[in-house]
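A.B. asks: Please find one structure pasted underneath; my questions will follow.
The values are calculated or read from the model by the stated rules, or taken from the named source; none is laboratory data. Remember, it's a predicted structure, so these values are computed and weren't measured experimentally. Here the Cβ positions follow ideal geometry from the backbone for every residue, glycine too, while neighbour counts run over all protein chains shown. Accessible surface is based on the protein model in full, side chains and every heavy atom, while ligands, DNA and RNA are left aside. Shrake-Rupley method; radii C 1.70, N 1.55, O 1.52, S 1.80 Å.
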Amino acid sequence: MAALALETHPSQYRHWRLAVEPPLAWLTLAVQEDAPARPGYRLKLNSYDLGVDLELADAVTRLRFEHPEVRAVVIASAHERVFSAGANIHMLASSPHAFKVNFCKFTNETRLAMEDASANSGQRYIAACNGTTAGGGYELALACDRIYLVDDGHAAVSLPEVPLLGVLPGTGGLTRLVDKRKVRRDLADRFATLAEGVRGRRAVEWGLVDEVFPRGRFQEMVRERAMDMAIGENRRDATGITLDPLDPDVFATRIAYRHVTLDLNPMRRTADLTIRGPNRDDPHWHLRAFRELDDALVRLRFHHEDIGVVMLRTWGDLDAVREADAALFDRRGDWLAHETLLLMARTLRRLDLTSRSFFAIVNEESCFAGSLLELALAADRSFMLADPDRRTKIALTPLNGGLLPMTNRLSRLDVRYLAEPERVGRLLAQEGPWLAPEAAAAGLVTIAADDLDWDDELRVAIEERTSLSPDALTAMEANLRFTGPETMETRIFGRLSSWQNWVFSRPNAVGEQGALTSYGKPERPRFQWQRT
């Protein structure tokens, strides 16, 4: 996967067509069979792989920033009688375990970005299912606000992973089915074990789709419903901006952006991820820096799987970050500031959900304030230097007060002080800056070490972490990071991390005679029948 470009642009799309007709936009899936992300399989029946999803993720983000006039987005298919057959099975069968799970995770984050756009940006999504809508194709539809299915006696929606592949709908399908669409549990059970799926009026009666239309009127009715939805949304008078390419310099052990640098140490299985703070004359620093951070996190997942511990560092002027955060907070009612905050929140949630150990390193050169302090609050541990010159400081800003929520919809301060919720308000009123002893006493950092112990403290912690089982650490971190109430998002990722990790490693799915391995072959899978 190292050769796959993670950044794209509509002019470079191979699998999607984006057409903007305000107040509507059309995202048409036209997957090129002979253009997989890596050799070895064909993307038949609009099946998708990571390359297809990278383009979708790019389109969803661009619609929010470049086309705020769009109020409804129709996801359609360019193929007659096929919406999407879902994730490509041969791609999954031939991929290593870590890639399978990271692929499912990224796909889910893209679906959640669509739902975030609907909930917070007034861009509603419609799935126009003109034919076969199976597996991940139906999961894509489930991420939309409305699902319309053609009623021609053949088209069906299905989640056939259990009966056909011996795995689960890996991008939140079962969770969205019952949590979002509120399909009855017994009907969901029947549906998820029907390989052929459900079609027509029954799909409406079960709550699997919203309406069905005859083929002769399908396009007309979808457009009519989309226009009704768009007109019902508040119009924006804003003019979109162009998202410039990130275009990092990529070397063997370094990826360098304008504001973010990722330095890799493969021998030690560690990396340093450094975010440079703003200059005072850069009003769009937040947008660019967090886009770069997001790209770096995706590269870590797909290109550098053996990196286990990531040191989060910042560099710059603490007061410049505070001023930039204050300015962004004051403009939060403006559509661009609003979208920037939403993108920052999604990026930080991607960090929360990344299976790496994160240590925040706070020293004299750091600028962990406000939006950048969120990195330290997201870290599994934070180390702060108590330097004799009293130059090492951290600070809060209004952005720490809930504008950058986790998947459980709580702020990272709320999660940090679950036992003492009243402390959050007091800390936000004080803001800081805090020196190391004060920050440690307030519980804002894990360890405050003087300059005599600093190097040893970090060395021992990093050596200890890299010596532990990556599987156990992933499970431990996923358990500890998301305290507090459950949401649909936390359930999706919790179930993905536990059940999908487990099922993808079982012989019934991926063994020599497992269902996923045997897919498309004449022999039937052989199962081990023990229930564990």
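A.B. asks: Looking at region 63-87, which of the residues that are open to solvent by 10 Å² or more (accessible area, probe 1.4 Å) and of a type outside the set (A, V, I, L, M, F, W, C) is farthest from Gly170 (Cα to Cα)?
C.D. replies: Only one residue tops the list, namely Glu69.
A.B. asks: Something else now. Kindly indicate whether any position in region 96-105 is of a type in the set (A, V, I, L, M) and over 22 Å from Ser505 (Cα atoms).
C.D. replies: Keep residues of region 96-105 that are of a type in the set (A, V, I, L, M), which gives 98, 101.
Add one more test, that the residue is over 22 Å from Ser505 (Cα atoms), and what stays is none.
No - not one qualifying residue is present in region 96-105.
A.B. asks: Restricted to region 489-507, and to residues that are open to solvent by 40 Å² or more (accessible area, probe 1.4 Å) and of a type outside the set (Gly, Ala, Ser), which residue is nearest to Leu112 (Cα to Cα)?
C.D. replies: Arg491
Residue-by-condition table, conditions (1) open to solvent by less than 50 Å² (accessible area, probe 1.4 Å); (2) under 30 Å from Arg390 (Cβ atoms); (3) hydrophobic (A, V, I, L, M, F, W, C):
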| position | (1), (2), (3) |
| --- | --- |
| Glu420 | no, yes, no |
| Ala439 | yes, yes, yes |
| Glu464 | no, yes, no |
| Ala509 | yes, no, yes |
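A.B. asks: Counting only residues that are under 24 Å from Phe493 (Cβ atoms), more than 19 Å from the chain's Cα centre (by Cα) and buried (at least 24 other Cβ atoms within 10 Å of the Cβ), how many does region 93-129 have?
C.D. replies: Number satisfying all stated conditions: 1.
A.B. asks: Report every pair of residues separated by at least 6 positions or lying on different chains whose Cβ atoms are under 8 Å apart, first residue within region 1-30 and among the small types (Gly, Ala, Ser), second open to solvent by 50 Å² or more (accessible area, probe 1.4 Å).
C.D. replies: Final answer for the pair search is Ala3/Arg38; Ala25/Leu18; Ala30/Arg17; Ala30/His79.
A.B. asks: Another one. Just the residues that are under 22 Å from Asn108 (Cβ atoms), among the hydrophobic types (A, V, I, L, M, F, W, C) and without any contact (Cβ under 8 Å) to a residue 60 or more places away in the chain, please, taken from region 32-55.
C.D. replies: Selection gives Ala37, Leu43, Val52, Leu54.
A.B. asks: Right, another one. Would you confirm whether or not region 87-108 contains a residue that is touching a residue at least 40 places away in the same chain (Cβ under 8 Å), small (Gly, Ala, Ser), under 21 Å from Pro10 (Cβ atoms) and not in a helix (DSSP H, G or I)?
C.D. replies: Checked against the condition, which is being touching a residue at least 40 places away in the same chain (Cβ under 8 Å), small (Gly, Ala, Ser), under 21 Å from Pro10 (Cβ atoms) and not in a helix (DSSP H, G or I), region 87-108 yields no hits at all.
A.B. asks: Which of the residues belonging to region 200-240 are part of a loop (DSSP other than H, G, I, E, B), touching a residue at least 12 places away in the same chain (Cβ under 8 Å) and open to solvent by 60 Å² or more (accessible area, probe 1.4 Å)?
C.D. replies: So in region 200-240, the residues part of a loop (DSSP other than H, G, I, E, B) come out as 206-210, 233-240.
Checking the rest, the ones that are also touching a residue at least 12 places away in the same chain (Cβ under 8 Å) come to 206-210, 233-236, 238-240.
Asn234, Arg235, Thr239 - these are the residues of region 200-240 that are part of a loop (DSSP other than H, G, I, E, B), touching a residue at least 12 places away in the same chain (Cβ under 8 Å) and open to solvent by 60 Å² or more (accessible area, probe 1.4 Å).
A.B. asks: Of all residues in region 256-272, how many are out of contact with any Asp or Glu (no Cβ under 8 Å at 6 or more places or on another chain) and open to solvent by less than 40 Å² (accessible area, probe 1.4 Å)?
C.D. replies: Going through region 256-272 one residue at a time, the tally reaches 2.
A.B. asks: Same structure again: Can you tell me how many residues within region 164-195 are of a type outside the set (A, V, I, L, M), closer than 23 Å to Pro507 by Cβ and either in contact with a Cys (Cβ under 7 Å, 6 or more places away or on another chain) or at pLDDT 95 or above (or both)?
C.D. replies: The qualifying residues number 2.
A.B. asks: Output the residues belonging to region 261-286 that are over 23 Å from the mean Cα position of the chain (by Cα) and in a loop (DSSP other than H, G, I, E, B).
C.D. replies: The answer is Pro266, Met267, Arg268, Arg269, Gly277, Pro278, Asn279, Arg280, Asp281, Asp282, Pro283.
A.B. asks: Can you name every residue in region 369-378 that is crowded, with 24+ Cβ neighbours inside 10 Å and either touching an Asp or Glu at 6+ places or on another chain (Cβ under 9 Å) or at pLDDT below 95 (or both)?
C.D. replies: Within region 369-378, Ala369, Gly370, Ser371, Leu372 qualify.
A.B. asks: Considering only region 198-208, I want to know if a residue exists there that is at pLDDT 95 or above and under 24 Å from the mean Cα position of the chain (by Cα).
C.D. replies: Step one: of region 198-208, the residues at pLDDT 95 or above are 198-208.
Retained after the next criterion (residues that are under 24 Å from the mean Cα position of the chain (by Cα)): none.
No, the conditions are met nowhere in region 198-208.
A.B. asks: Ok, one more. Among the residues of region 241-255, is any buried (at least 21 other Cβ atoms within 10 Å of the Cβ), on the phi < 0 side of the Ramachandran plot and of a type outside the set (D, E, K, R)?
C.D. replies: yes
A.B. asks: Within region 379-409, how many residues turn out to be closer than 23 Å to Glu422 by Cα, free of Cβ contacts under 8 Å to residues at least 60 places away in the same chain and either surrounded by fewer than 23 Cβ atoms within 10 Å (Cβ to Cβ) or aromatic (Phe, Trp, Tyr) (or both)?
C.D. replies: Total meeting the criteria: 2.
A.B. asks: Within region 422-437, track down each residue that is assigned to a loop (DSSP other than H, G, I, E, B) and open to solvent by 50 Å² or more (accessible area, probe 1.4 Å).
C.D. replies: Result: Glu431, Pro433.
A.B. asks: OK, next. Which of the following residues is modelled with pLDDT under 95, surrounded by fewer than 22 Cβ atoms within 10 Å (Cβ to Cβ), within 30 Å of Arg506 (Cβ to Cβ) and of a type in the set (D, E, K, R): Arg42, Arg38?
C.D. replies: Only one candidate passes the filter, namely Arg38.
A.B. asks: Shifting gears a bit: Determine if region 345-366 includes at least one residue that is open to solvent by 30 Å² or more (accessible area, probe 1.4 Å), in contact with a Ser or Thr (Cβ under 8 Å, 6 or more places away or on another chain), farther than 20 Å from Ala449 by Cβ and free of Cβ contacts under 8 Å to residues at least 24 places away in the same chain.
C.D. replies: no
A.B. asks: Follow-up question, since we're still on this one. Is one or more of the residues making up region 392-404 assigned to a helix (DSSP H, G or I) and under 19 Å from Ala440 (Cβ atoms)?
C.D. replies: Taking region 392-404 as the starting set, the residues that turn out to be assigned to a helix (DSSP H, G or I) are 398-401.
Among the residues that remain, those that are also under 19 Å from Ala440 (Cβ atoms) are: 400.
Within region 392-404, one or more residues are assigned to a helix (DSSP H, G or I) and under 19 Å from Ala440 (Cβ atoms).
Per-residue answers, yes or no, for (1) of a type in the set (D, E, K, R); (2) under 20 Å from Asn279 (Cβ atoms); (3) touching a Leu at 6+ places or on another chain (Cβ under 8 Å):
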position	(1), (2), (3)
Thr347	no, no, yes
Thr354	no, no, yes
Glu364	yes, yes, yes
Leu373	no, yes, yes
Asn400	no, no, yes
Ser411	no, no, yes
Glu420	yes, no, no
Gln430	no, no, yes
Leu435	no, no, no
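A.B. asks: List the helices (runs of 4 or more DSSP H) inside region 440-532, counting only whole elements, that have at least 3 residues being touching a residue at least 60 places away in the same chain (Cβ under 8 Å) and among the aliphatic types (A, V, I, L, M). Give the steps one after another, and end with the answer.
C.D. replies: Details: elements: 454-466, 470-481, 488-495, 507-510, 515-518.
In region 440-532, 454-466, 470-481 are the helices (runs of 4 or more DSSP H) which contain 3 or more residues that are touching a residue at least 60 places away in the same chain (Cβ under 8 Å) and among the aliphatic types (A, V, I, L, M).
A.B. asks: Is it the case that Arg258 is part of a loop (DSSP other than H, G, I, E, B), of a type in the set (Lys, Arg) and farther than 30 Å from Pro23 by Cα? Working first, answer last.
C.D. replies: Working: part of a loop (DSSP other than H, G, I, E, B): yes; of a type in the set (Lys, Arg): yes; farther than 30 Å from Pro23 by Cα: yes.
Against the criterion (part of a loop (DSSP other than H, G, I, E, B), of a type in the set (Lys, Arg) and farther than 30 Å from Pro23 by Cα), Arg258 qualifies.
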